[in-house]
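Heads up, the thing below is written out as structure tokens.
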Amino acid sequence: PTVRPNPTESPGRSLDPCPDVPPNLRGVLHVEFRTNRTLQDVRNHVGPLLQLGGRYRPTSCRAKQKVAVIVPFRNRSQHLNHWLYYLHPVLMRQQLDYGVYVINQDGDGAFNRAKLMNIGFNESLKEYDYDCFVFSDVDLVPLDDRNLYRCSDHPRHLSVAVDKFNFILPYATIFGGVTALSKQQFLKVNGFSNTFWGWGGEDDDLSQRLSYRGMFISRPDSVTGRYKMIKHGRDSHNDPNPNREQKLTETYLNMDTDGINSLSYTVREIRKDLLYTFVTVDVQAPA
Ligand code: BGN
């Protein structure tokens with residue numbers, strides 16, 4: 001009898017590679033956040049093509065990259081519903097072999113976006129051999145599906161033209177919002193710093209790490225890279241970090257000892273929804 005390859009062990013090994021340019025992209029997208037969307041609406045809308053944990057891979061070709069999409073989170077369910085509603089169809093059309101990981105900070109200590117990213121990197125790799133990591137804020141939805149959620153030769157900044165900033169890149173080294181780094185690029189800089197508590201600076205720290213390790217920021221053009229941000233008030237327990245400017249003078253000193261190699265946290269729960277893997281973590285926020 002012929003032995004069929006196990007699809008979970010060798011994803012689409014017998015398939016031809018997907019084309020460089022995905023054939024079914026739409027270009028400019030219509031995005032609006034006025035409609036109230038429940039999780040069940042989103043499940044009905046995109047669920048049938050997904051596997052548990054927000055996993056997908058194309059069936060007609062072998063995906064070019066295995067992408068973990070990491071979304072740091074706390075208490076923004078309505079944003080997440082919009083994000084899932086728009087992102088899943090885009091990621092599918094982009095023919096990615098991907099999984100969505102929502103990393104939920106437990107408790108109401110100071111928020112630590114960067115540490116949640118590191119945790120997402122770590123936890124997603126326990127499940128699958130991802131080679132590319134897209135780090136995305138939950139309130140950013142692309143306005144053009146030609147903006148590929150893939151990794152390139154250099155770390156990539158995807159959210160270059162956000163409506164909130166009048167579709168202009170605020171400054172040349174900005175590396176916040178939505179970014180894509182290969183496993184190798186991420187490990188070369190020891191990931192994000194774990195020590196930025198509260199809002200701001202952690203993305204600039206990563207930007208400096210990249211430059212100290214001889215990498216450049218790659219970006220789509222400002223038409224392809226357009227984004228719509230979901231409007232919101234300031235989150236509680238995420239005030240601007242008063243130490244952020246000082247910390248940015250110390251990136252070079254700290255990057256080898258503060259990052260993926262010093263990451264410490266406790267997983268409270270891993271919940272698999274059709275739309276995502278929801279990982280609740282204690283990030284050991286300072287008292
Ligand atoms: C910058 C923040 C970034 C943030 C962008 C866009 C800092 C560091 C002190 C100079 N950087 O000012 O973290 O992504 O704005 O909002 O605050």
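Any read-out appearing in this document is the output of simple, stated calculations on the displayed coordinates, not a laboratory observation. Predicted, not measured: the structure shown is a model, and the values here were computed from it. We place every Cβ from the backbone using ideal geometry, glycine too, and count neighbours over all the protein chains shown.
Ordered by the count of other Cβ atoms within 10 Å of each Cβ, fewest first, 252, 128 give 252, 128. Residues whose amide H lies under 5 Å from that of residue 273, counting only those 5 or more places away or on a different chain, are 53, 278; hydrogens are built 1.01 Å from N in the peptide plane. Taking trypsin sites (Lys or Arg not before Pro) as candidate sites, keep only those in a DSSP loop with at most 15 other Cβ atoms within 10 Å, then name the longest stretch of the chain containing none of them. Free of exposed loop sites, the longest segment is 35-212. In summary, the lysines within cross-link reach of residue 272, defined as a Cα separation below 21 angstrom excluding same-chain residues under 8 places away, comprise 66, 126.
Put simply, the amide H of residue 259, placed in the peptide plane, has neighbours under 5 Å in 194, leaving out anything fewer than 5 places away on its chain. Rg and Dmax of the range 155-239, both derived from C-alpha coordinates alone, stand at 13.6, 37 Å.
Taking label positions 7 Å along the Cα-Cβ direction at both residue 236 and residue 184, the computed distance is 4.7 nm, reported to one decimal.
Karplus-based coupling profile of the range 53-63, in residue order and whole Hz: x, x, 9, 8, 8, x, 9, 9, 7, 8, 4, with θ = phi - 60° in 6.51 cos²θ - 1.76 cosθ + 1.60 and x standing for Gly or Pro. At an R0 of 30 angstrom, the distance between the Cβ atoms of residue 52 and residue 256 translates into a FRET efficiency of 0.20. Grouping the Cα pair distances of the range 204-245 into 10 Å bins from zero gives a pair-distance distribution of 19, 26, 43, 13 percent in increasing distance order. Listed by chain and number, the aspartates and glutamates whose C-alpha is less than 17 Å from the C-alpha of residue 183, apart from same-chain residues fewer than 8 away, are 97, 123, 127, 129, 131, 153, 256.
Give the calculated FRET efficiency between residue 211 and residue 125 to the nearest 0.05, with a Förster radius of 30 Å applied to their Cβ-Cβ distance.
0.75
Using Cα positions and a limit of under 19 Å, work out the lysines in reach of residue 164, with same-chain residues fewer than 8 apart set aside. Result set, ordered by chain and number: 228, 231.
Cα-based radius of gyration for the chain, normalised by 2.2 N^0.38 Å, reads 0.97. Each helix, a run of at least 4 DSSP H residues, gives -39500 (n - 2.57); summed and divided by the residues of the chain, these come to -6500 deg cm²/dmol at 222 nm. Rounded, prolate or oblate: which fits the range 1-130 when a ≥ b ≥ c are the square roots of the eigenvalues of the alpha-carbon gyration tensor, with rounded for a/c under 1.5 and prolate only if a/b beats b/c? Oblate, since a/c reaches 1.5 and b/c is not below a/b.
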